[in-house]
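Only the coordinates and a few stated rules stand behind these numbers; no lab work does. Every value quoted in this text rests on a predicted model; they were computed, and no experiment measured them. Reconstructed Cβ throughout: ideal geometry from the backbone, glycine too, with neighbour counts over all protein chains shown.
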Amino acid sequence: MVMPADTVSVTGWGRTAPTTARLVRPRTYEEAAAAVRECGARGAISRGLGRAYGDAAQNAGGAVLDMTGLDRIHAIDVDGGTVLCDAGVSLHRLMEVLLPLGWFVPVTPGTRYVTVGGAIGADIHGKNHHGSGSFARHVLSFELLTADGEIRTVAHGTPLFDATAGGMGLTGVILTATVRLQPVETALMCVDTERAVDLDDLMARLTATDHRYRYSVAWIDLLARGARMGRSVLTRGDHAPLDSLPPRARRHPLAFRPSQLPAAPAFVPEGLLGRTTVGLFNELWYRKAPRARTGELQRIPTFFHPLDGVPHWNRVYGRGGFVQYQFVVGHGREETLRRIVRRISERRCPSFLAVLKRFGEGDAGWLSFPVPGWTLALDIPANLPGLGSFLDELDEEVAGAGGRVYLAKDARLRPELLDAMYPRLGTFRSLRQELDPRGVFTSDLSRRLGL
Amino acid sequence: MKDAFGIPQSLLVLGGTSEIALATARRLITRRTRTVWLAGRPTPALEEAAEQLRRLGADARTVAFDALDPESHEAVLGKVFAEGDIDMVLMAFGMLGDQAVDEKEPALAVRVAQTNYTGAVSSGLVCARALQTQGHGSLVVLSSVAGERARRSNFIYGSSKAGLDAFAQGLGDALYGTGAHVMVVRPGFVRTRMTAHLAEVPLSTTPEAVAAAIELGLRRRSETVWVPGALRMVMSALRHTPRAVFRRLPI
């Protein structure tokens, strides 16, 4: 049983369900094309920085293309506000390069450490979804390496674009993309913070005043029970205009210097994040938040990416890893959201990274996740007894309300529910059948869910 | 593919009429498992078992498999793996034999050894290679506490399980890093058809309890599972008991 030297065990960010694949790191487009042509019977899938929580960027027994070797920024249109870069460029790198020029990425999720290719493949969203939509809305075009080894230029609005945006890498390998940027005057955020005493208060505040802010999100305490169920801290804001900065800060308004704490240790005992510790954390987090504060200046990492400050933070859940559960239900389905929050809080799921957000209009991607409504995302240690069946029950609630779960975070959905959650799945499957009849692009996710 | 909790979508049972295996299959079907292959001697009991799993909603199929015919294993199991990925192989075949009779009839004793050990070696290696090619999957081997230290009262069965256990441990180490995972399950006395004629002993367990322990072991990606868990301590003590004392113990 001799193992080829480049065979590695791969997991998603949640560190569950490891599988083994041949890891290939192309440095040129030709190498990427060769890797796809020679990937063998078990296919290939592209992988960026591995921030998908589940098995989206794994391919058991096949090839995994580590795209971070393709990391060049080719052209920046400083006047028009667009960038042409390789798919393996991270949003972190884009911020480093673009902020001094007065531009910001159009959409950023809770981590900067995702690649442009991954951002399109998962059609990621951020705190500005209610106004700006998801990432693919700001992508003008990209180059896609398809199963036949050809490179196609795919423009916004074409069927192949809509299949690839949110298509989890199953239509091909994105090589480059042209992205429209967001102009900013400073690298600081002007943030309003307020507390909501319960879930209804939270939803009322988000509904009433979200439109005033470019960015909006609420941290929610899912361990709070009874009258305090759903108590939250809302943080909403916009890029700070230059004249709002104190004179000292005005000297270098576009400086972007993220700081980092030491990485989480490689071994953390399981059960560190139990009900007691998480309950305590949540209590403190809620109480330390101001009841209402306006106009606070925050740095971009503090506002958008607090967890990026701790490298490998996913290790804090121990060897067993964790699952992230994110779903969306439409407007008018507040009762379902309320019921799910109640069930999670009654079940005492120790979740300290739970966020609630109000989505705006969805985008055209066939498997794109966001639809107008309410989305809740939470982390749960995978070793919680009975968690599998509990999440299955939540899936039923979500599907019953016409909602869906996010594939980039999924590691456990029952395949039977997928068609109901993603009505355009049939179109997606037939396009794949036509474009990639041999099923070259395959991932553990696509095998598990029959995508 | 297995989900985040290690629950397989497809299951291959070697020894398809084993009560422990069927209890495990039933439990996994209520979670995620949709495809179940029952491999065993083509008997009405095997078909009946498949029918029972179909009623639970699984796509259950049977395949003729004989542990005593190692030459056929490659072809028979190869066909199953060719139909699609197998996320978990449960090696559950085995025979208890009758110690008193087997001691007098060496041919019968050899049958026990061939079923429990050599049959497992050949089918285990075939499955291991297939799982390695897939890059994922678990091989769950039903060993026994009887293999931990051979006892006067059932050393023929015990020695065959000891061989199986050692084989499975070594195979697990050989497969480490390939994506395939081997889990050795060591149940104590399980109340089944196979043991119905025997007197009950302390720390005895049920097929359902073994199934629950297997599910937990899959989630934790365990390499060794004792059922019940307390047996690990008991057997550790017994293993260190001096021979002269061990021989006299009423076990």
Pull up all non-local amide H partners of A:Leu188: gap of 5 or more, or a different chain, and H-to-H distance under 5 Å with H placed in the peptide plane.
A:Ala240
Correct semi-axes for the stretch A:311-404, from √(5λ) of the alpha-carbon gyration tensor and rounded to whole Å with the largest first, are 24, 17, 12
Post the alpha-carbon centroid distance, the stretch A:187-258 to the stretch A:134-156, in whole angstrom.
34
Counting other Cβ atoms within 10 Å, which chymotrypsin sites (Phe, Trp or Tyr not before Pro) in the stretch A:264-325 have at most 16 and lie in a DSSP loop?
A:Phe267
Whole-Å distance, taken between Cα centres, linking the stretch A:35-107 and the stretch A:270-335
26
Which order do the peptides A:438-445, A:336-343, B:200-207 take when ranked by the mean count of other beta-carbon atoms within 10 Å per residue, highest first?
A:438-445, A:336-343, B:200-207
Please identify the DSSP H helices in chain B that span no less than 15 Å along the helix axis (Cα) and have a mean Kyte-Doolittle hydropathy of -0.5 or more.
B:19-31, B:70-82, B:119-134, B:155-175, B:207-220
Quick calc: nm separation of the 7 Å Cα→Cβ label points for A:Gln260 and B:Met233 -> 4.5
Enter the mean number of other protein chain beta carbons within 10 Å of the beta carbon of each residue in B:133-141, as an integer.
5
Take every Cα pair under 8 Å in the stretch A:6-74 that's 6+ residues apart, average their separations, divide by the length, and report that relative contact order as a whole percent.
40
Please report the relative contact order for chain A, taking Cα pairs under 8 Å with a sequence separation of at least 6, and give it as a percent rounded to a whole number.
19
Counting only residues 5 or more apart in sequence or on a different chain, those whose built amide H sits under 5 Å from that of A:Trp103 are A:Val184
For a quick size check, give me the Cα extents of the stretch B:10-248 along its three principal axes, largest first, whole Å.
53, 37, 33
What are the residues whose amide H is under 5 Å from the amide H of B:Ser138, where those residues sit 5 or more places off or on another chain and H is modelled from the backbone?
B:Met88, B:Val89, B:His181
How large are Rg and Dmax for chain A when only the alpha carbon atoms are used, in Å?
21.3, 67
What FRET efficiency do you get for A:His331 and B:Asp69 if R0 is 51 Å and r is their Cβ-Cβ distance, rounded to the nearest 0.05?
0.20
Taking the mean number of other Cβ atoms within 10 Å as a proxy for protection, how do you rank A:48-54, B:8-14, A:180-186 from highest to lowest?
B:8-14, A:48-54, A:180-186
Using a Förster radius of 51 Å, what is the FRET efficiency between B:Glu48 and B:Arg248 based on their Cβ-Cβ separation? Nearest 0.05, please.
0.70
Counting all C-alpha pairs of the stretch A:1-97, share separated by more than 18 Å (%)
52
Just to check, using Stokes-Einstein with a Kirkwood Rh over alpha carbon pairs, what's the diffusion coefficient of the stretch A:131-237 at 10 °C and 1.306 mPa s in µm²/s?
93
Spelling out what I want: for every residue of the stretch A:180-197, take phi, set θ = phi - 60°, compute 6.51 cos²θ - 1.76 cosθ + 1.60 (Karplus), and round to whole Hz; glycine and proline get x.
7, 9, 10, x, 9, 8, 9, 9, 10, 10, 9, 10, 9, 10, 8, 9, 10, 6
Karplus-derived 3J(HN,Hα), 6.51/-1.76/1.60, for each residue of the stretch A:69-77, Hz, glycine and proline x
x, 9, 10, 9, 9, 8, 8, 10, 8
Rounded D (µm²/s) - the stretch A:250-344, Kirkwood Rh over Cα pairs, Stokes-Einstein at 4 °C, 1.567 mPa s:
75
Using DSSP to call loops (not H, G, I, E or B), can you name the GluC sites (Glu not before Pro) in the stretch A:1-75 whose Cβ has at most 11 other Cβ atoms within 10 angstrom?
A:Glu38
Cα centroid separation - the stretch B:16-72 against the stretch A:415-440, whole Å
31
Cα shape, the stretch A:73-164, gyration tensor, a/c 1.5 rule
prolate
What GluC sites (Glu not before Pro) does the stretch A:49-152 have in DSSP loop regions with at most 12 other beta carbons within 10 Å?
A:Glu150
What is the log10 of I(q)/I(0) for the stretch A:188-412, computed with the Debye formula using one identical point scatterer on each Cα and no solvent, at q = 0.12, 0.13, 0.15 Å⁻¹?
-0.72, -0.84, -1.11
